[in-house]
Amino acid sequence: MDATRPFSTSLAALITGVFMSTVHAGTFRFDTDTAGTLPPGWEQGVTGRGTAHWAVHPDASAPSRPNVLRQSGVGSFPWAVRRDVSIEDGYVEVKLKALEGKEDQAGGVMWRWKDGEHYYVARANALENNVSLYYTEAGRRITLEYVDAPVARGVWHTLRVEFSGRRIRVALDGKTYIEVEDPHIAGPGAVGLWTKADSVTAFDDFSFDGRSK
């Protein structure tokens with residue numbers, strides 16, 4: 001996390017003198033985290049088969065230097081999540097850059113994450129030049145919508161998702177590509193990052209804000 005803005009919480013509480021562990025807003029920049037390691041507070045895994053490998057790396061091109069979080073493992077759907085976050089309605093946003101991948105060059109954000117088999121995910125794909133929205137249920141990724149969009153490899157893009165009740169809005173680089181209503185994943189959940197297959201993808205400035213009813 002950025003030392004100048006370590007971590008902000010908009011809805012925090014004190015219970016019997018102990019700081020509440022669930023947070024509802026924050027920004028991660030990974031700039032004070034140790035290179036080569038998974039940042040503290042993050043959990044990694046894979047939906048399906050394979051192995052996730054999320055680690056902090058220096059990147060001179062990072063939107064906020066010097067570090068990014070990079071996924072270089074190979075698996076069906078590698079993810080990294082913050083279990084201490086609980087959001088039902090709000091937004092998630094990240095800057096991402098597709099670096100390599102023969103089978104895929106994708107990166108995305110997750111929200112309303114219940115576990116590694118139940119969550120929403122929106123992603124941008126540099127190999128296919130599109131933006132897609134899915135829900136994952138019982139470990140199966142089910143497509144809601146995908147739209148052609150310019151996703152250049154080796155270039156930083158901003159992916160943002162806003163969600164409230166059934167309404168979901170997905171934007172890339174400030175342009176809205178998907179607006180749908182979907183009831184499949186309800187209630188509060190964690191937020192996180194996502195890739196697919198052999199994608200090597202860098203992430204920076206991961207932010208979220210919202211509320212949990």
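The values are calculated or read from the model by the stated rules, or taken from the named source; none is laboratory data. In this text the structure is predicted, and so the values were computed from the model without any measurement. Glycine gets a Cβ as well: all are built from the backbone with ideal geometry, and neighbour counts include every protein chain shown. In case anyone asks, the SASA skips ligands and DNA or RNA and just uses the protein heavy atoms, side chains included. Shrake-Rupley method; radii C 1.70, N 1.55, O 1.52, S 1.80 Å.
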Members of segment 158-198 that are in contact with a Phe, Trp or Tyr (Cβ under 8 Å, 6 or more places away or on another chain), among the β-branched types (Val, Ile, Thr) and touching a residue at least 60 places away in the same chain (Cβ under 8 Å): VAL161, ILE185, VAL191, THR195
Where ASP115 falls short, out of the listed (1) on the phi < 0 side of the Ramachandran plot; (2) in contact with a strand residue (DSSP E or B) (Cβ under 8 Å, 6 or more places away or on another chain): (2)
Selection within segment 58-75 - open to solvent by 40 Å² or more (accessible area, probe 1.4 Å), within 18 Å of GLN105 (Cα to Cα) and either of a type in the set (Lys, Arg) or over 16 Å from the mean Cα position of the chain (by Cα) (or both): ARG70, VAL74
Count of segment 132-154 residues which are within 21 Å of PRO78 (Cα to Cα), open to solvent by less than 70 Å² (accessible area, probe 1.4 Å) and assigned to a loop (DSSP other than H, G, I, E, B): 4
Of residues in segment 172-213 being polar (S, T, N, Q) and closer than 21 Å to PHE77 by Cβ, the one surrounded by the most Cβ atoms within 10 Å (Cβ to Cβ): THR195
Residue list for segment 29-48, restricted to those being of a type outside the set (Asp, Glu) and either open to solvent by less than 30 Å² (accessible area, probe 1.4 Å) or under 14 Å from the mean Cα position of the chain (by Cα) (or both): ARG29, PHE30, PRO39, TRP42, GLN44, GLY45, VAL46, THR47
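Could you tell me whether segment 116-124 includes any residue that is part of a loop (DSSP other than H, G, I, E, B) and of a type outside the set (Ser, Thr, Tyr)?
yes
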Of the criteria (1) within 18 Å of the chain's Cα centre (by Cα); (2) over 20 Å from ARG70 (Cα atoms), which one ALA138 fails: (1)
